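Working notes for the structure below.
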Amino acid sequence: MTTVAAPATLSVRRGGRTSVWTGVGSGVVVLVLAYLPYLVTTSVTGTIVTFLELLAMSVMWNLLAGYAGLVSIGQQAYVGLGAYAVLQLSDWGVQPFLGVFLAAAVCAVIALPTSLLAFRLRGDYFAVGTWVIAEVYHLLLSRDSALGGGSGRALTTLSDFDPVVRQAITYWVALAVCALCVLGCYLLLRSRLGLALTAVRDNEIAAGSTGVAVGRAKRLVYLVASAGAGATGGVILVSQLNVAPDSIFSVQYTAYMIFIVVVGGIGTLEGPILGAIIFVVIQQLFADFGVWYLILLGVLAIAVAIWLPRGLWGTFSHWSGVRLFSVGYSVRGLDDRRRNGT
Amino acid sequence: MTDLLTLSGLTVHHGQLAALTDLDLALAEGTTLAVIGANGAGKTTLLRTIAGTHRPTTGTITFAGQDVTAMPAHRRAAEGIRLVPEGRRLFPSLTVEENLLAGAYRTRKGPWDVPAVVELFPWIGERKRQSARQLSGGEQQAVAIGRALMGNPRLLLLDEISLGLAPLVVGQLYQALPRIMAGGTTVLLVEQDVSQALRTADRVLCLLEGRTVLSGTPAELTAERIESAYFGLTRTGGTS
Amino acid sequence: MVWVNAIVQGLLLGGLYALFACGLSLMFGVMRIVNLAHGDIAVLGSFLAYSIIAATPIGVLGATLIVLPVFAAFGYLVQSGLLSPALRVGPLSTLLATFGLSIVIQNALQQGYTGDTRALDVGSLISASLRITGQISVAYLSLITFALAVVVLAALQLFLSRTGTGRIMRATADDPEAATLSGANPRHVYGVATALAFVTVALAGLMFGMQSSFSPSIGPTRLLFAFEAVVIGGLGSLWGTLLGGMVLGLAQSLGAQYDPAFTLLAGHIIFLAVLAFRPQGLIPARRTA
């Protein structure tokens, strides 16, 4: 007969020491980034704006594909719609920097009826279907001559600003949009919706049978992702100062999102950050070699998809158990129980 | 008579669970072996490992003098090992006849072709063009057996053909077995119905938690011996 | 009258679209893979033919006879080297792998041939046409393409229903493991399916290249047309693909007649309408996905 010690109590924790450091660290990073316009040239902040745009888009795509299981090749629809929303709003007298945030709401509104159509398809067919829908928005907006028709238009209402000031404000808006996207994702995943999504991702039918409103959860995520993509489109317009339908609705954006998320680590919050850094580094290094860097990215994406499906961060995290952003639950005290034999 | 199939030291895992542990088995050509045992004893895993759809962790499988342990399932099927899988698994978008013909995709020389299968199960003759989806459980089982026979196998593996079927239908299926065995095919069958297994087989093997606990001819095995082996009542110390 | 002409042109265009689509349909039916590089494979075929014609005295027909077997082998290799490993990982991986392949092909073509448009020279055949009535004439190339589409679809249908390999391909699509038990090597079966898909889409690319100009970046649009034709026609039916292609071609042709800028949009709208009101397509598959 074995003697049994008093049973250890079990507790459920959301995060540990690492996640506290991450929270503090993230805050510091954002503050440092916010201060940068005072320290560095506009070409540096310009590169960082590109990074922030890509990161925001990718975090949203990761939310859709990695957490809700909705692999879309049509998110560029909302990038374009967001940009055009800012343009139209500016025609109506709305300050473009404010318009960026309104564009997010506009895209969420458009995304609702769009999802009713798109969700009729599943899996790979959903992916291509979203692409077709993006093309429809592309073609529709190309027909609007007030907004520039097929060749696009410039955003003129920011010409009163001093260029350095304008670029600084653009930078801060980009930083705000990106930070909101990442923060929004984090909060969403920590919420009940996040738990529901993990269940849906693992086994949709089982999740439905335990009471998870699968359809509603997915739709909500689709709306959030579209809003995020829309805001990013607005940022792109504000930073480029002009928009052309062929480029703002280009599937190239989705290619970037996919690369960043897949290489970084799909289904993790840290993955897209790592992926975006890698992407921008490669882009800067190989900018002079024409389209070779795109071929390199394509090959890299294929290789990672097949041989390292968890991505770089995901593989590391899986192997080491390290998680910077605590979106899961851990049970403390279980090891003690095992040791006591209860 | 040489052994057609030899298993030696076979250990098979499902993830971390050992489904079969250190199993030895020898099956002489032209004989019929029945494997019985409770659910989870490892019977289906045994058949799937012999057929090649499951890889053993350690051990060897020798078939017709050849080591087939590393041979992929589709090649074992071509070599003459045919499994009639648990749950029948006919091809739903194919007709009855097409299912049979699919079984002949890789075939050896032998007596089994569509007319021969129709002779075995006469009702198939009129319903050749019907979709496999429209068949009843017993009919599907018959076609599944026919599909495996179309490959003219040397070794036929039958996984619980009585599962989910009415006794009358099971009886009809088992009536077909002597014809199959008469053609020279060696049969290894897994069966829940112990009395059916005793009636049909030359030798019986009882598995419990992945190990052999009893083996012998139906004549040698009394009901008590089978019962205690089946449920593991002969182990000392009670439950762990 | 000019509308009747548009209808005829649209229906014939459907043949070309069906030719683009049947490979996509086959790959999805057998392997559950949507090949995102599907359109780019067609464009690759056009460029290969272009280079062969430029470098040798063979001409279009000879180039076709070279390109098709090359693409059959290419398809088999892509299957075993890229798609099989991706399939083993999971459904997302095949999507990503084919997407990556699409990017690689487009940019490699861009690098090798620049963005300029090319065309395959068929001599006088390009303008030869059959006059049906006073106002309606159909180009011989359109007729040939449509006829080819019908022949290819019929051949595929016969292959699937009458031959041993075709039968085992359908069996493997139903239940790969049970097919293995009958002696089928799933990798080989998938390889054959991919080879067939690549051959048909290369043929589509060649026929397209004879009638219009092409450039490295038009692949994705071909993929979208193929996809729309498959969905409109109904997943899982080869003849549905022809019907879907014809509906798409008709929509585009009538749209173009109304306003040339409306061409593509008309097709997309019909696609979305089918998606909204009859998602199973015009000829629904009897088997559940």
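The values are calculated or read from the model by the stated rules, or taken from the named source; none is laboratory data. Note that the coordinates shown come from a computational prediction; the quantities given were computed from them, not determined experimentally. Because the Cβ atoms are built from the backbone with ideal geometry, glycine has one as well, and the counts that use them run over all protein chains shown. Surface accessibility is based on the protein's heavy atoms, side chains included, excluding ligands, DNA and RNA. Shrake-Rupley method; radii C 1.70, N 1.55, O 1.52, S 1.80 Å.
Within the listed set A:80, A:23, A:66, the Gaussian network model of chain A (springs between alpha-carbon atoms below 10 Å) gives the highest mean-square fluctuation for A:23. Of the candidates A:230, A:215, A:314, which one comes out as most mobile in a Gaussian network treatment of chain A with C-alpha springs shorter than 10 Å? Most flexible of the set in this elastic network: A:215. Legend: P(r) of the stretch C:182-221 from all alpha carbon pair distances, 10 Å bins from 0, whole percents, reading 25, 37, 22, 13, 3. Summing charges over all other residues whose Cβ lies under 14 Å from the Cβ of residue C:192, with Lys and Arg as +1 and Asp and Glu as -1, gives +3. To the nearest 0.05, how large is the calculated FRET efficiency for residue A:105 and residue C:2 if R₀ is 51 Å and r is the Cβ-Cβ distance? Step by step, r from the Cβ atoms, then E = 0.65. Pairing chain C with chain A buries about 3500 Å² of accessible area. This figure sums both sides and uses a 1.4 Å probe. Calculate how steeply helix C:2-31 sits against the longest principal axis of the alpha-carbon atoms of chain C, using the helix alpha-carbon long axis, and give the answer as 0 to 90 degrees to the nearest 10. Roughly 10 degrees between the two axes.
Just so you know, the Cα atoms of the stretch C:174-266 work out to an Rg and Dmax of 17.2, 57 Å. Write down the accessible area per residue of chain C in Å², having rolled a 1.4 Å probe over the full set of protein chains. Dividing the accessible area of chain C by its residue count gives 37 Å². When the alpha carbon gyration tensor of the stretch A:93-247 is reduced to an equivalent ellipsoid, the three semi-axes, largest first, read 34, 21, 10 Å. Dipole orientation for the stretch B:28-171: of the candidates B:38, B:105, B:70, B:70 has the Cα lying most toward the positive pole (charges on Cβ; Lys, Arg +1; Asp, Glu -1). Dividing the summed helix terms, -39500 (n - 2.57) for each DSSP H run of n ≥ 4, by the number of residues in chain C produces a 222 nm estimate of -25000 deg cm²/dmol to the nearest 500. Could you state how much accessible area residue C:246 has, in square angstrom rounded to the nearest 10, with a 1.4 Å probe and all protein chains kept in place? Approximately 40 Å² for this residue. Computed over protein heavy atoms with a 1.4 Å probe, the accessible surface of the stretch B:1-103 works out to 36 Å² per residue.
Using only side-chain charges placed at the Cβ, +1 for Lys and Arg and -1 for Asp and Glu, the dipole size of the protein assembly as shown relative to its Cα centre rounds to 940 debye.
Roughly to the nearest percent, how much of the accessible area of the protein assembly as shown is carbon and sulfur, given a 1.4 Å probe? Roughly 62 percent, rounded to a whole number.
May I ask what percent, to the nearest 5, of DSSP beta bridges between residues of the protein assembly as shown are antiparallel? Here the share of antiparallel DSSP bridges comes out near 60 percent. What separates the Cα centres of the stretch A:118-195 and the stretch A:221-260 is a distance of 4 Å. Residues A:218, B:128, ordered by accessible area of protein heavy atoms at a 1.4 angstrom probe radius and largest first, appear as B:128, A:218. Both radii are taken from the alpha-carbon atoms of chain A; with Rh as the Kirkwood radius, Rg/Rh is 1.02.
Taking Cα centre as origin and charging only the Cβ of basic (Lys, Arg, +1) and acidic (Asp, Glu, -1) residues, the dipole magnitude of the stretch B:126-240 rounds to 500 debye. With the charge dipole of the protein assembly as shown set up from +1 on Lys and Arg Cβ and -1 on Asp and Glu Cβ about the Cα centre, the Cα lying farthest toward the positive end among the listed residues C:25, B:185, C:103 is that of B:185. Here the Kirkwood formula, the inverse mean of 1/r across different C-alpha pairs, assigns the stretch C:10-95 a hydrodynamic radius of 14.5 Å.
For the protein assembly as shown, the equivalent ellipsoid built from the Cα gyration tensor has semi-axes of 55, 40, 22 Å, listed from largest to smallest. At 7 Å along Cα-to-Cβ for each site, give me the label-to-label distance between residue C:140 and residue C:121 in nm. Inter-label distance under the simple model: 1.8 nm. Test of understanding: given chain A, find the longest segment containing no chymotrypsin sites (Phe, Trp or Tyr not before Pro) that are in a DSSP loop and have at most 16 other Cβ atoms within 10 Å. With chymotrypsin sites (Phe, Trp or Tyr not before Pro) excluded where exposed in loops, chain A gives A:162-285 as its longest stretch.
Oblate is the label for the stretch B:61-201, because the ratio a/c of its alpha-carbon gyration tensor axes (a ≥ b ≥ c) is 1.5 or higher and a/b is not greater than b/c. Across chain C, Cα pairs under 8 Å and at least six residues apart give a relative contact order of 37 percent. Summary value for the stretch C:225-270: 29 percent relative contact order, contacts being C-alpha pairs under 8 angstrom separated by 6+ residues. Please give the helix A:163-190 orientation as an angle from the longest Cα principal axis of chain A, in degrees from 0 to 90, rounded to the nearest 10. It works out to around 30 degrees.
Look at the stretch C:263-271: the mean tally of other chain Cβ atoms within 10 Å of its residues' Cβ atoms is 4. Accessible surface buried at the B:C interface totals approximately 1900 Å², computed with a 1.4 Å probe on protein heavy atoms.
Summing Cβ point charges (Lys, Arg +1; Asp, Glu -1) relative to the Cα centre of the stretch B:1-83 gives a dipole of roughly 360 debye.
The modelled label-to-label distance between residue C:73 and residue A:209, using points 7 Å beyond Cα along the C-beta direction, is 5.1 nm. For the residues C:77, B:208, a 1.4 Å probe over the protein chains yields an accessible-area ranking, largest first, of C:77, B:208.
Comparing A:116, A:98, A:269 in a Gaussian network model of chain A (Cα springs below 10 Å), the most mobile by mean-square fluctuation is A:116. Peptide C:226-233 has a mean shielding of 2, counted as Cβ atoms of other protein chains within 10 Å of each residue's Cβ. Note: relative contact order over the stretch B:8-92, using C-alpha pairs below 8 Å and six or more positions apart, is 27 percent. Applying the criteria of a DSSP loop state and at most 14 other Cβ atoms within 10 Å to the GluC sites (Glu not before Pro) of the stretch B:132-240 yields B:220.
How many angstrom lie between the C-alpha centres of the stretch C:154-214 and the stretch B:43-87? Centre-to-centre (Cα) distance: 28 Å. Near residue B:28, the amide H atoms lying under 5 Å from its own belong to B:4; only residues 5 or more places off or on other chains count, and H is placed 1.01 Å from N.
Name the residue from C:280, C:138, C:213 whose Cα lies farthest towards the positive end of the charge dipole of the stretch C:134-289, charges +1 on Cβ of Lys and Arg and -1 on Cβ of Asp and Glu. About the Cα centre, the residue reaching furthest to the positive side is C:280.
Mean per-residue shielding of peptide A:298-311 is 6, counting Cβ atoms of other chains within 10 Å of each Cβ. When the P(r) is computed for the stretch A:178-281, the part past 15 Å accounts for 71% of the Cα-Cα pairs.
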